[in-house]
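A.B. asks: One structure, pasted below without further comment.
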Amino acid sequence: PVLLKENIIAVIDTAVNYIKARTSDKIKFSLRMPSGDITVPLNTALFEWVIENLCKNAIDALHGVGEIEIAVSDFTQVIYVDIRDTGKGIPKSMFLTIFRPGFTTKKKGWGLGLSLAKRIVEEYHDGKIFVHQSEMNKGSVIRIVLKK
């Protein structure tokens, strides 16, 4: 896929607004992003899909009620995109496993979402995606690191 210099703030905002419009009012979304533009090499359609997929997984972890925060941190050479939820958490032993194709905790799922998100972020965007932190019954943070 072609990567173009895009404003990641606008891309994330579009993806979150899309998923928010299709989600219960019992799920509260918040965005913590710097003002202005932060341009990074992106394939907009693929990266929006990654954000939507991570939000959908967070929604599932919330069991209908809770909060999702998307935070962007701007550093000299990289940016962090953190998707934080107040859901059920991920056991430390599964931090790597959740990104493997076929892994799912859902009754109706193929287990391809996170493996595809990892491929999009790491192979196509030369970034990193991982479980930054998680605490059982308190929530998780998935972090994406992208080069500027």
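The values are calculated or read from the model by the stated rules, or taken from the named source; none is laboratory data. Not measured: the values here are computed from a predicted model. Note: ideal-geometry Cβ built from the backbone for every residue, glycine included; neighbour counts use all protein chains shown. Remember, those area values only see protein heavy atoms, side chains included, never the ligands or the DNA or RNA. Shrake-Rupley method; radii C 1.70, N 1.55, O 1.52, S 1.80 Å.
A.B. asks: How large is the dipole of the chain about the Cα centre if only Lys and Arg carry +1 and Asp and Glu carry -1, each at its Cβ, rounded to the nearest 20 debye?
C.D. replies: Taking the Cα centre of the chain as origin, the dipole is about 560 debye.
A.B. asks: Tell me, what is the per residue accessible area of the chain in Å², probe radius 1.4 Å? Please report the intermediate quantities before stating the final value.
C.D. replies: Working: 8370 Å² over 148 residues.
Result: 57 Å² per residue.
A.B. asks: Just the number, please: Stokes-Einstein D of the range 1-97 in µm²/s, Kirkwood Rh from C-alpha pairs, 10 °C, 1.306 mPa s.
C.D. replies: Translational D for this selection: 111 µm²/s.
A.B. asks: Let me ask you something else. If you build a Gaussian network model of the chain, linking Cα atoms that sit under 10 Å apart, which residue out of ILE70, ILE59, ILE38 swings the most?
C.D. replies: Sorting by GNM fluctuation, first place goes to ILE38.
A.B. asks: Regarding the range 49-148, what are the three Cα extents along the principal axes, ordered largest first, in Å?
C.D. replies: 39, 26, 24
A.B. asks: A further question on this structure: Carbon and sulfur: what percent of the chain's accessible surface (1.4 Å probe)?
C.D. replies: 53
A.B. asks: Another question, if that's okay. Could you check what % of the DSSP bridge pairs in the range 1-116 are antiparallel, to the nearest 5?
C.D. replies: Within the range 1-116, antiparallel bridges account for around 65 percent of the total.
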